[in-house]
Amino acid sequence: MINAMLYTYNDITKDVVESPDVCIIGSGAGGAVMADVLSGAGLDVVVLEEGGYYTKDRYSAYKPAVAMKILYRDYGATVAFGKNPIILPLGKAVGGTTVINSGTCFRTPDSVLRDWAQRFGVQNASTREMEPFFEQVEKTINVTRVSPEVLGKNGLVFKRGADALGMSNGMLMHNMINCHGCGRCAFGCPHDAKQAVHLNFIPSALEQGARVYANARAEVITLEAGRVTKIQGSILNEQTGNRLFNLRVTPKLLVLAAGAIYSPYILQKNSIRLNAELGKNLTIHPAVRVTALFDEIIQGYKGVPQGSYVDAYASEGIMLEGIFVPPEIGLPVLAPIGKENKEAARRYDHLAAFGVMVSDKNSYGSVKVGIDKRPFITYHFDPHDFKKLVKGIALAAEIFFAAGARTVNTGIFGFREFTSPDDVAQLFTKKVPVTSVEMMAFHPLGTARMGEVRDHTVVNSYGKVHGLDNLFISDGSIFPTSLGVNPQVTIMSFALRNAQYIADHKGAFFA
Amino acid sequence: MAVKELKVFDQKMYSIVRAIAETIIPPGGAFDVDPQAVDPVLLFDNYIDGLSRLQLKAIRAIISAIEYAPLVTRLTRFTKMSPDQRLSYLQGWEKSRILSKRNIFLLLKMLIMMSYYSDDTVAEAIQYHPECLIND
């Protein structure tokens, strides 16, 4: 047993039977905060997490490829299908995606909160009303600006280019303490510098008496007379994935915090349809990577991979944020086959990379139960949003040339490497089909929208499912629209607010 | 490394993937490592052990498609081609105008290259030293 109340499959020797006040499915940004607040309010809390529990010593031992196999769902290759399949990496561990995200922190933009209030009737969630929750979250996860010592040259060259063009830019805010700039944020921080929720909210919940089961997959949710009465599942062998023991939890209240893909999926799999909006309205914040070759040595894998940003076009929904991966992850996409493969590998130290993310305003996706009984994700990329993406690629290319790049690779199929800033114009004169761009996305949201307009939302302004008395959702699925920025602070802040709402109304929920 | 350590592929499948791997990353060139010391196919095989049955079926189907599709167009199998023919054939997958064909090949390329470039000997050959900027 790692902690008195944190159990992994190694600790469990018989079927697990629990009857807590609250059961939380998922231990990521939404679930961990809920567990902390509700256990702090004197409630008996049980958390179920399908992934394993890992520590910094284990992260250090993992090469990136191994980390992707262990800490991610589907080896990091969960796919949203559409005209162009989009890779959507999701974490699977105690701490959820906060274990493998880049650590970037933004508050919810004011314009987004106002939009939610106006269009979806979200109540009591203005910037002013959210302020104390933002503050508390930022304090707990230690949000601080990336320091130049750990930024790394990848961030520095891009900043140099943006400065030369007079574009607004800066260092990103991260949840870090004593960052060493190892470039491994996406594979589990080997120094526990990144303050993922398994380092703060989860330990605090454990101290307050919460019980966390790792390797515990929730499978069946039983509803009786409009109330969740039972959760059944399995304790899984971490190595083989085989079921070891049964799991049965009969809580007074259930909080689903499995993320915007798995929360609607588990409800749909159990034929709990709620309303027509469940599983729809998926936004994913599509992104591409632009790379550039420099004469100077960059070694982009040293330093915070996502340390700086350019927000000159943020009002148009275009954000440029740092991104860099080690050669074994980056080369398969960048290096051609044949003799040039090793040549490209040799040049990896001279490569810089930056990400372009666009707020998906008109695009939409959905989550359903697939024919193989796994989540089936679809996504339609709207042409207007795609235009923004192409504009973002052009901006990144211009910035790289301004920084002194010899060549720029947009990653667009059918386009040669750009060798001068004049080449960038091709992006607007030649047709760029959506199928020619290799995309990724990192921030799935929106599949169980919150608000008081019941026909268009699944949960109310505090995350309680419409029409069910004891089911809450606490993850990115409740956000009605794309944020346009990284969502972890928003997810945690709303979880904090909604958990306090539950704690303040204990009499109603736990009579 | 001994082929008996394979967990997913049989000997035949191993041979096909080995031929694909040697076409993607040919011996010699900008740097060389002992091909006996680095076996990306074995690493690949061990890496995908743990995928679902359906996912493994899909990977085997991709490998079979690459091996047998040239029977239709070139009247031979991939493993029977010369190295130059293999390269030209796989470039047809890599640069195909059909997105799904490109993506299928990218998946295979990703698994092979990730296995190869994860090896410590190869990392040393490309002078990849992933140190932190600040040491303890």
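What is chain A's relative contact order, in percent, from Cα pairs under 8 angstrom and six or more apart in sequence?
Normalised by residue count, the contact order of chain A is 24 percent.
Given just the C-alpha atoms of segment B:3-123, how large is their convex hull per residue in cubic angstrom?
Considering the Cα atoms of segment B:3-123, their hull volume per residue is 115 Å³.
If you average the sequence gap of Cα pairs under 8 Å that are 6 or more apart and divide by the length of segment B:3-123, what percent do you get for the contact order?
34 percent
Checking a compactness column here: for segment A:405-460, what do you get for Rg(Cα) / (2.2 N^0.38 Å), N being the number of residues?
Ratio of Cα Rg to 2.2 N^0.38 Å: 1.93.
Quick one: order A:L223, A:L468, B:L75 from most to least accessible surface, probe 1.4 Å.
The most accessible residue leads, giving B:L75, A:L223, A:L468.
Got a sec? Charge dipole of segment B:3-123, +1 on Cβ for Lys and Arg, -1 for Asp and Glu; which of B:S88, B:L111, B:S15 is way out at the positive end?
With unit charges placed on the Cβ atoms, the residue in question is B:S88.
If you roll a 1.4 angstrom probe over the protein chains with everything in place, what fraction of the accessible area of chain A belongs to carbon and sulfur, to the nearest %?
The value for chain A is 50 percent carbon and sulfur by accessible area.
If you find the alpha carbon centre of segment A:128-171 and of segment A:45-79, how far apart are they in angstrom?
Cα centroid of segment A:128-171 versus Cα centroid of segment A:45-79: 26 Å apart.
Students often get this wrong, so check it: of A:K63/A:K339; A:K83/B:K95; A:K280/A:K431; A:K92/A:K230; A:K139/A:K159, which have C-alpha atoms separated by over 21 Å?
A:K63/A:K339; A:K280/A:K431; A:K92/A:K230; A:K139/A:K159
Sorted by packing (mean other beta-carbon atoms within 10 Å per residue), highest first, where do A:458-466, B:56-64, A:139-147 land?
A:458-466, A:139-147, B:56-64
Could you give each residue of segment A:196-207 its phi-based ³J(HN,Hα) in whole Hz, using Karplus coefficients 6.51, -1.76, 1.60 with θ = phi - 60°, and x for Gly or Pro?
These are the phi-based 3J(HN,Hα) values: 5, 5, 6, 9, 9, 5, 5, x, 5, 5, 4, 4 Hz.
Could you report chain A's accessible area per residue, 1.4 Å probe, as an integer in Å²?
Roughly 36 Å² per residue, with all protein chains present.
Which values, in whole Å and largest first, are the semi-axes of the equivalent ellipsoid of segment A:92-149 obtained as the square root of 5 times each eigenvalue of the Cα gyration tensor?
With the √(5λ) rule applied to segment A:92-149, the semi-axes are 26, 15, 12 Å.
Buried accessible area between B and A (1.4 Å probe, both chains summed, ligands and nucleic acids excluded), in Å² to the nearest 100?
Rounded to the nearest hundred, the buried surface is 3800 Å².
In peptide A:342-354, what is the residue-averaged number of other protein chain Cβ atoms found within 10 Å of each Cβ?
4
Kirkwood Rh over Cα pairs of segment B:1-72 into Stokes-Einstein at 20 °C, 1.002 mPa s: D in µm²/s?
162 µm²/s
Quick one: which residues, 5+ away or cross-chain, put their amide H under 5 Å from the amide H of A:F245? H built at 1.01 Å from N.
It is A:I235, by chain and number.
So for segment A:394-511, Kirkwood radius off the Cα pairs, Stokes-Einstein at 10 °C and 1.306 mPa s: how many µm² s⁻¹?
88 µm²/s
Take the Cα radius of gyration of segment A:50-157 and divide it by 2.2 N^0.38 Å, with N its residue count; two decimals is plenty.
Dividing the Cα radius of gyration by 2.2 N^0.38 Å gives 1.39.
Cα atoms only: what Rg and Dmax, in Å, come out for segment A:131-282?
Considering segment A:131-282 through its Cα atoms, Rg and Dmax are 21.2, 64 Å.
Can you list, largest first and rounded to whole Å, the semi-axes you get for chain A by taking the square root of 5 times each eigenvalue of its Cα gyration tensor?
After scaling each eigenvalue by five and taking roots: 38, 24, 21 Å.
Using only atoms on other chains, find how many Cβ atoms lie within 10 Å of each Cβ of peptide A:324-331 and report the average.
Average neighbour count from other chains, rounded to a whole number: 5.
Shielding of B:51-59 by partners, i.e. mean partner chain Cβ atoms within 10 Å per residue?
2
Report the convex hull volume per residue for segment A:55-111, counting only C-alpha atoms, in Å³.
Roughly 114 Å³ of hull volume per residue.
For segment A:406-478 and segment B:69-136, what is the centre-to-centre distance using only Cα atoms, to the nearest Å?
After rounding, the separation between the Cα centres reads 29 Å.
How much accessible area does A:T229 have with a 1.4 Å probe, in Å² rounded to the nearest 10?
It works out to around 40 Å².
What is the Cα convex hull volume of segment A:359-461 when expressed per residue in Å³?
150 Å³
What order, most packed first, do the peptides A:92-101, A:304-313, A:402-411 have when packing is the mean number of other Cβ atoms within 10 Å of each residue?
Averaged packing, sorted descending, gives the order A:92-101, A:304-313, A:402-411.
The values are calculated or read from the model by the stated rules, or taken from the named source; none is laboratory data. Note that this is a predicted model, so its numbers are computed, not measured. Don't worry about glycine lacking a Cβ; one is built from the backbone with ideal geometry, like all the others, and counts go over all protein chains shown. Ligands, DNA and RNA are stripped out before the accessible areas are found, and what is left, the full protein with its side chains, is counted by its heavy atoms. Shrake-Rupley method; radii C 1.70, N 1.55, O 1.52, S 1.80 Å.
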